[in-house]
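Heads up: the structure comes next, in structure tokens.
The values are calculated or read from the model by the stated rules, or taken from the named source; none is laboratory data. From a predicted model like this one, the values you see are computed outputs, not experimental measurements. A quick note on method: Cβ atoms are made from the backbone with ideal geometry, for glycine too, and the neighbour counts reach across all protein chains shown.
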Amino acid sequence: MTEKKRMRYSAVLAILLVLDTQLWADPDAKDLLRKVDSLVSFPDSDFSAEYTFVTNRPDEGFDTTQAAIFRRDAENKYLILLLAPKVDRGKGYLKIGDNLWFYDPVPRKYVFTSSRDRFRNSNARNSDFTRSTFASDYSVQQTSKERLGKYDCTVLSLKANSSEVTFPFAKLWISEDSLVRKGEDYSLSRQLLRTLLIPTYQGIGSRFVPQTIVIMDQLKGRVIDGKYIGDRTQITISKPSLAKLPDNLFTKAYLEKVSR
Amino acid sequence: MALLRLAFQALVTRWKRYLFLALGLSLGFALMLLLTGLAGGMRGNVTAAAARHYGGDLFVLGHQKNPYYTPVIRDDAAILAALRAAGIEPSLVARRTNFFENGQVFFNGYSSRQKTVTGIDWEAEAAVFAGLEFASGGFEGMRGSNGILISNVTAKQLGARVGDDVVLEVDTVTGQRNTASMIVKGVFKDASIFGAYTSYVDIKLLTALIGLAPGEYTTFGIYLRDPGAARRESSRLHEALAGSLQIFPPLRSQQELWVRLGEDWSGVKYAVLTLDGYLAEIRDLTSALDAGLVLLLAMMLAVIALGIGNTYRVMVHERVREFGTLRAIGMQRSRVSRLILAEALILGVVCVAAGSLAGLSLLYATGSVRFVQVPGFDIFLQKGRLGWHFSLGVFVVNAVAVLAAVLLGGWIPARRASAVEPARALRRDA
């Protein structure tokens, strides 16, 4: 091969390498992501449910938090009202568009907070309660097939489309019914930060809501007998409903009123 | 002059009578010197720790609107030119990348949330970090490495030691999670609000980690030759920068900057802030320290005035025949009064001199004691010691205050001595 040819091949190879790997991804993968989003989002109705968070920290024991969650995905709003423990009762979160406030009824003050922050020191993030937006937030870099327990899954390796998505890289295990069974969230340097497991869903209308979600922290935990055991939060979702919620529910005045 | 000689002779001939008063007065002045010296040292240590924490006495901060705001300085040529134009000659320029929220260090599953993660130009700031006391390791070899310096508080929380691999997690300027594997190169001793939850890393590493471009950073810090002139220099720098850069109006505090950042503007806009502007969180503490000191000094001066007053009241009573004789041989009332005051003043001057020696010795001794075991006290310490500061101005004020208290205390007895009727005084003693 002449020097000129070698350079030409090298140039083509370099161009191919810098092109987005999406070129080789399954063309149906994006559709799959859209389906995943549509099955667990509620753009045509409101959504409410009771969430129980049990966080287990090795060596430290369990923390339990109970909350009532009210979502209006169509308007990108949610209200979370803490029900337990007793000391947190009446505290709440209100999200309207990109703004998220935390309300504490004792000083009667709202504090501006971030969707990226942890929810009540659990392994869940405040952003975990919004509608699913995988299709718009991520591009599929790679697809593969893998068996996960009793499920045959499509594994999607995702890369964030925008530099404002909290986790720049993610990996999803999607079962044949287009429901996410496992997820991994990575940092920009591709460090695994947390793993989510969603073993069971409950049907509500034509949509689905997880029955339990297990979130395992990959950085916070304890090394016991030489083995790393991450902090773990199990979220149990009960009493899901698609009933219409009053408009004034997504207001600061309402949160203040119910917190009394 | 004759009056002073007479007063001096009176003191010398009755020195045993004055001994305890002189000891008390000397000790009082020594304590005043000790308290003001230590308070000056503590204030100096707080300011030095704050300057090291924030990276200067005076700062230029850049922010890009996008649509929130990102702290960034891309090109500091205009800042350097403004410094020259303002005639400011810094003792050191410190370019830093500061990350003020959501930083966390992880080790073996343990985590420690950091109030500040700071990227340092280690070559430029070597002298600044020479003042940091290390429990183990040090900042040597930090330049260009993935080393991290953590406080003893953070190290204890994590169970980490020098040489351990830890993970540093931060958010990028656009809000993405990012992590880096770091090696603990040093554990420094600092449990104060500045140092306990502060980590130091290489500036290039942190700049890349938070998503800024190579060469960019967040804070242009200026160490002044006279840190006390920060406010004046700030005005001059602001004026010089206003001609070449988009700049916020003069700001007094970080809180004012936050308000300004929330306003409607575009592009990159700069702010000039003094170290004092960052210190709102400890201003209450230093104000309380000053108020307590003033109260204590006022009480000591009152005790001195009362002590002098009581001693001279007894003394005048005992020496009534002497004053009667002086009056009988023609000394005027005012001169008798001045004689007592002169005695008190000479006593005061001697005690100030003796108290100065004792006070400076006490300062030296106290300044060399380590206070590492006192919780919450680290903010006042430099390398575990209180340190002290001798100010000639404060010394003069203390001395004048003591002498004034002495004269005040002696004033009423002096009036009484001058009121002695010669005939009655001589008749009584006869």
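Across region B:40-69, which residue is modelled with the highest pLDDT among those that are polar (S, T, N, Q) and farther than 24 Å from B:Ser235 by Cα?
Looking at residues that are polar (S, T, N, Q) and farther than 24 Å from B:Ser235 by Cα, I get B:Asn45.
I need a count of the residues in region A:174-207 that are assigned to a loop (DSSP other than H, G, I, E, B), more than 9 Å from chain B (Cβ to nearest Cβ) and among the hydroxyl-bearing types (Ser, Thr, Tyr).
Here the count works out to 2.
Just give me the residues in region B:209-232 being surrounded by fewer than 19 Cβ atoms within 10 Å (Cβ to Cβ) and aliphatic (A, V, I, L, M), in sequence order.
Within region B:209-232, B:Ala213, B:Ala229 meet the criteria.
So which residues in region B:233-248 are loosely packed, with under 15 Cβ neighbours inside 10 Å and under 28 Å from the mean Cα position of the chain (by Cα), if there are any at all?
Result: B:Ser235, single match.
Kindly indicate whether B:Lys65 is under 28 Å from the mean Cα position of the chain (by Cα) and more than 26 Å from B:Ala229 (Cα to Cα).
The answer is no for B:Lys65.
When B:Asp121 is evaluated against the numbered criteria (1) surrounded by fewer than 21 Cβ atoms within 10 Å (Cβ to Cβ); (2) under 30 Å from A:Arg194 (Cβ atoms); (3) modelled with pLDDT of 95 or more, which criterion, by number, is the only one it fails?
Of (1) surrounded by fewer than 21 Cβ atoms within 10 Å (Cβ to Cβ); (2) under 30 Å from A:Arg194 (Cβ atoms); (3) modelled with pLDDT of 95 or more, only one is false for B:Asp121: (2).
A quick yes/no check of all residues on (1) buried (at least 17 other Cβ atoms within 10 Å of the Cβ); (2) more than 18 Å from B:Glu216 (Cβ to Cβ); (3) within 11 Å of chain A (Cβ to nearest Cβ); (4) touching a residue at least 12 places away in the same chain (Cβ under 8 Å):
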| site | (1), (2), (3), (4) |
| --- | --- |
| B:Ile88 | yes, yes, no, yes |
| B:Gly103 | yes, yes, no, yes |
| B:Ala127 | no, yes, no, yes |
| B:Gln157 | yes, yes, no, yes |
| B:Asp171 | yes, no, yes, yes |
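Just the residues that are buried (at least 18 other Cβ atoms within 10 Å of the Cβ) and assigned to a loop (DSSP other than H, G, I, E, B), please, taken from region B:129-139.
Matches in region B:129-139: B:Leu132, B:Phe139.
Give me the residue from region A:208-231 that is farther than 23 Å from A:Asp177 by Cβ and under 15 Å from the mean Cα position of the chain (by Cα) and, out of that set, nearest to the other protein chains (Cβ to nearest Cβ).
A:Asp217
Restricting to region A:56-75, count the residues that are within 14 Å of chain B (Cβ to nearest Cβ) and in contact (Cβ under 8 Å) with a residue 12 or more places away in the chain.
4
Go through A:Lys159, A:Lys171, A:Lys145 for me and flag whichever is within 14 Å of another protein chain (Cβ to nearest Cβ), over 24 Å from A:Lys95 (Cβ atoms) and basic (Lys, Arg).
Answer to the check: A:Lys159.
Scan (1) within 17 Å of B:Ala30 (Cα to Cα); (2) more than 35 Å from the chain's Cα centre (by Cα) for the single condition B:Asn310 breaks and write down its number.
(1)
Could you please find all residues in region A:105-158 being assigned to a strand (DSSP E or B), surrounded by 18 or more Cβ atoms within 10 Å (Cβ to Cβ) and either in contact with a Cys (Cβ under 9 Å, 6 or more places away or on another chain) or of a type outside the set (S, T, N, Q) (or both)?
Listed by number, the residues that qualify are A:Arg125, A:Tyr138, A:Val140, A:Cys153, A:Leu156, A:Leu158.
Test B:Ala298 against the stated conditions and say whether it is in a helix (DSSP H, G or I), of a type outside the set (Asp, Glu), closer than 30 Å to B:Pro413 by Cβ and without any contact (Cβ under 8 Å) to a residue 60 or more places away in the chain.
Yes; evaluated as a whole, the condition is true for this residue.
Mind checking which residues of region A:78-104 are assigned to a helix (DSSP H, G or I) and out of contact with any strand residue (DSSP E or B) (no Cβ under 8 Å at 6 or more places or on another chain)?
Selection gives A:Lys86, A:Val87.
Against the condition at pLDDT below 95 and either in the same structural domain as B:Asp202 (by TED's automatic domain parsing) or more than 32 Å from the chain's Cα centre (by Cα) (or both), how does B:Gly163 come out, does it pass?
no
Please go through region A:76-120 and pick out each residue that is more than 14 Å from every other protein chain (Cβ to nearest Cβ) and without any contact (Cβ under 8 Å) to a residue 24 or more places away in the chain.
Within region A:76-120, A:Ala84, A:Pro85, A:Lys86, A:Val87, A:Arg89, A:Phe102, A:Asp104, A:Val106, A:Pro107, A:Lys109 qualify.
Condition first: in contact with a Lys or Arg (Cβ under 7 Å, 6 or more places away or on another chain), closer than 26 Å to B:Trp411 by Cβ and touching a residue at least 12 places away in the same chain (Cβ under 8 Å). Can you find one or more residues in region B:347-368 that meet it?
For region B:347-368, residues in contact with a Lys or Arg (Cβ under 7 Å, 6 or more places away or on another chain), closer than 26 Å to B:Trp411 by Cβ and touching a residue at least 12 places away in the same chain (Cβ under 8 Å): absent.
Looking only at residues in region B:105-116 that are surrounded by 17 or more Cβ atoms within 10 Å (Cβ to Cβ) and closer than 30 Å to A:Gly226 by Cβ, which one is farthest from the other protein chains (Cβ to nearest Cβ)?
B:Gln114
Which of the following residues is within 29 Å of the chain's Cα centre (by Cα), farther than 27 Å from B:Leu245 by Cβ and assigned to a helix (DSSP H, G or I): B:Phe29, B:Phe8?
Among B:Phe29, B:Phe8, only B:Phe29 is within 29 Å of the chain's Cα centre (by Cα), farther than 27 Å from B:Leu245 by Cβ and assigned to a helix (DSSP H, G or I).
Report yes if some residue within region A:239-250 is polar (S, T, N, Q) and either in a loop (DSSP other than H, G, I, E, B) or crowded, with 21+ Cβ neighbours inside 10 Å (or both); otherwise report no.
no
Can you tell me which residues in region B:251-287 are crowded, with 17+ Cβ neighbours inside 10 Å, of a type outside the set (A, V, I, L, M, F, W, C) and not in a helix (DSSP H, G or I)?
Hits for region B:251-287 are B:Lys269, B:Tyr270, B:Thr274.
Among the listed residues A:Gln234, A:Gln202, A:Gln191, which satisfies the condition of being buried (at least 16 other Cβ atoms within 10 Å of the Cβ) and either more than 21 Å from A:Arg131 (Cα to Cα) or free of Cβ contacts under 8 Å to residues at least 60 places away in the same chain (or both)?
Answer to the check: A:Gln191.
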